[in-house]
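Here is the structure we will look at, set down as structure tokens.
The values are calculated or read from the model by the stated rules, or taken from the named source; none is laboratory data. The model shown is predicted, which means the values in this text are computed figures rather than measured ones. Counting neighbours? That spans all protein chains shown, and the Cβs are built from the backbone with ideal geometry, glycine included.
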Amino acid sequence: MKRCCLVLAILLSSSWVHADEISDMKKEIDLLKCEVAKLRNIVQGETAKNATPAIDRKAGIRRKYEEDKKTYSDEQLREIEKLYQSANKNLKSPEAKEALKSLIEKYPKANRTGCAVQYMGQMSSGEEKETYLKLAIKDFGDCYYGSGVQVGAYARLYLAYYYKEIGKEKEAKTLFDEIKNDFPDAVNHKGKLLVNMLPI
């Protein structure tokens with residue numbers, strides 16, 4: 001009987017020690033969880049503070065679309081889109097060039113016309129290329145492609161590389177600097193920043 005009591009006492013005392021250890025471990029885990037939560041909040045706060053605000057690349061398109069609706073009738077807007085899309089199917093075809101020229105001639109204030117002028121600059125060569133790209137910059141700089149590409153910034157990129165190609169380094173540098181300073185968030189059709197496409 002004494003022996004049973006002794007064994008029971010040993011078992012009970014060891015289970016109490018075990019329970020105390022578990023309790024202590026739980027307290028330590030809870031404290032660690034609190035510390036981790038505090039650190040996570042600090043890190044998230046710093047990240048949010050240093051984060052670059054998201055850029056709405058579609059805002060310009062929406063604004064230009066609203067302007068077009070005030071300038072042109074529904075029928076005219078349909079024709080603008082039809083001309084633009086017919087050219088967009090195959091920009092290298094002679095028909096595309098004719099459609100773009102017609103768009104430029106008939107609807108000189110439309111957003112799509114800005115894109116058409118830029119396309120004409122890309123497709124042309126020599127003085128014609130320079131003329132179209134300068135026109136895109138001067139008169140259609142605030143136009144946008146559906147992809148979020150801004151015509152003014154994109155035309156500068158094409159014109160700058162054209163100038164570089166024909167040895168007009170000073171003019172090219174001026175345009176590259178304008179892209180860096182005035183259009184740091186401008187992108188190409190694949191979403192790549194134009195500033196990352198400039199020569200080093």
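Between Gly152, Gly167, the distinction of being within 22 Å of Pro199 (Cα to Cα) and outside any helix (DSSP H, G or I) belongs to Gly167 only. Being in a helix (DSSP H, G or I) and either of a type in the set (Gly, Ala, Ser) or touching a residue at least 40 places away in the same chain (Cβ under 8 Å) (or both) holds for only one residue in Gly146, Gly121, and it is Gly121. Within region 2-18, the presence of a residue that is exposed (fewer than 10 other Cβ atoms within 10 Å of the Cβ) and modelled with pLDDT of 55 or more is excluded.
Of the residues screened, Glu105 is one that is under 21 Å from Ser73 (Cβ atoms) and either assigned to a helix (DSSP H, G or I) or not acidic (Asp, Glu) (or both). Once region 108-118 is narrowed to residues that are among the hydrophobic types (A, V, I, L, M, F, W, C) and in a helix (DSSP H, G or I), the residue that is surrounded by the fewest Cβ atoms within 10 Å (Cβ to Cβ) is Cys115. Scanning region 96-107 for residues that are buried (at least 16 other Cβ atoms within 10 Å of the Cβ) and of a type in the set (Lys, Arg) returns a single hit, Lys97. If you go through region 80-95 and keep only what is surrounded by 12 or more Cβ atoms within 10 Å (Cβ to Cβ) and either assigned to a loop (DSSP other than H, G, I, E, B) or in contact (Cβ under 8 Å) with a residue 12 or more places away in the chain (or both), you end up with Ile80, Glu81, Leu83, Tyr84, Ser86, Ala87, Leu91, Ser93.
When Lys97, Lys106 are checked against the criterion of being more than 25 Å from Arg63 (Cβ to Cβ) and of a type outside the set (S, T, N, Q), a single residue qualifies: Lys97. Of all residues in region 124-143, those satisfying the criterion of being farther than 16 Å from Ile80 by Cα and not in a helix (DSSP H, G or I) are Ser124, Ser125, Gly141, Asp142.
To keep it simple, each residue is scored yes or no on (1) among the polar types (S, T, N, Q); (2) over 23 Å from the mean Cα position of the chain (by Cα).
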position	(1), (2)
Gln85	yes, yes
Lys92	no, yes
Leu103	no, yes
Asn111	yes, no
Ser124	yes, yes
Ala160	no, no
